[in-house]
1. Consider region 13-31. How many of its residues are surrounded by fewer than 16 Cβ atoms within 10 Å (Cβ to Cβ) and in a helix (DSSP H, G or I)?
2. Just checking, does region 54-64 include any residue being at pLDDT below 95, more than 17 Å from TYR89 (Cα to Cα), surrounded by 14 or more Cβ atoms within 10 Å (Cβ to Cβ) and charged (D, E, K, R)?
3. Please verify whether ALA10 is assigned to a helix (DSSP H, G or I), under 14 Å from the mean Cα position of the chain (by Cα), among the hydrophobic types (A, V, I, L, M, F, W, C) and surrounded by 14 or more Cβ atoms within 10 Å (Cβ to Cβ), treating the condition exactly as stated.
4. Just give me the residues in region 1-24 being of a type outside the set (Ser, Thr, Tyr) and more than 22 Å from ASP79 (Cβ to Cβ), in sequence order.
5. Can GLU75 be described as among the acidic types (Asp, Glu) and within 11 Å of the chain's Cα centre (by Cα)?
6. Among what's in region 12-35 and is touching a Lys or Arg at 6+ places or on another chain (Cβ under 9 Å) and of a type in the set (S, T, N, Q), pick the residue that is farthest from ASP69 (Cα to Cα).
7. Any idea which of LYS15, LYS20 is under 19 Å from GLY58 (Cβ atoms) and within 13 Å of the chain's Cα centre (by Cα)?
8. Which condition number in (1) of a type outside the set (Phe, Trp, Tyr); (2) at pLDDT below 95; (3) within 19 Å of ILE14 (Cα to Cα) is the one that ILE76 fails?
Amino acid sequence: MSRFIIDDKAVEFIKETLKKEDAQAVRIFISGGGCCRRLEIIPVKKALSGDATYTRGGITVHIEKGLVDNASTVEINFDEQKGLLINLYE
């Protein structure tokens, strides 16, 4: 992966969530299997082995190795109606 992009609204939303959850970072990973795979983002205390770590706007984001290896860009935006949106670009 060559680029990690996060908008200011997403940074603020994640900061608030981390404070409530008493966590130091968030982790983005693939969950589910078969036809029901989806991206998830959760508060965590630390990265897992192989995660890529990015710091922007005072927050830390750990991204699963498989996502980093297969995407050129990971982008996180916040939409008032939909919440956090994670986009992967190859």
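1. Taking region 13-31 and keeping what is surrounded by fewer than 16 Cβ atoms within 10 Å (Cβ to Cβ), we get 15-16, 19-22, 24, 30-31.
If we keep only those that are in a helix (DSSP H, G or I) too, we end up with 15-16, 19-21.
Number satisfying all stated conditions: 5.
2. yes
3. Numbers: assigned to a helix (DSSP H, G or I): yes; under 14 Å from the mean Cα position of the chain (by Cα): yes; among the hydrophobic types (A, V, I, L, M, F, W, C): yes; surrounded by 14 or more Cβ atoms within 10 Å (Cβ to Cβ): yes.
Yes.
4. Within region 1-24, the subset of a type outside the set (Ser, Thr, Tyr) is 1, 3-16, 18-24.
If the condition is that a residue be of a type outside the set (Ser, Thr, Tyr) and more than 22 Å from ASP79 (Cβ to Cβ), then MET1, ASP22, ALA23, GLN24 are the ones that fit.
5. Details: among the acidic types (Asp, Glu): yes; within 11 Å of the chain's Cα centre (by Cα): yes.
So GLU75 fits the description; yes.
6. GLN24
7. Values: LYS20 fails: within 13 Å of the chain's Cα centre (by Cα).
Checking each option against the conditions leaves just LYS15.
8. (2)
The values are calculated or read from the model by the stated rules, or taken from the named source; none is laboratory data. All of these numbers come straight from a predicted model, not from anything done at the bench. As a convention, Cβ positions derive from the backbone with ideal geometry for all residues, glycine included, and neighbour counts pool all protein chains shown.
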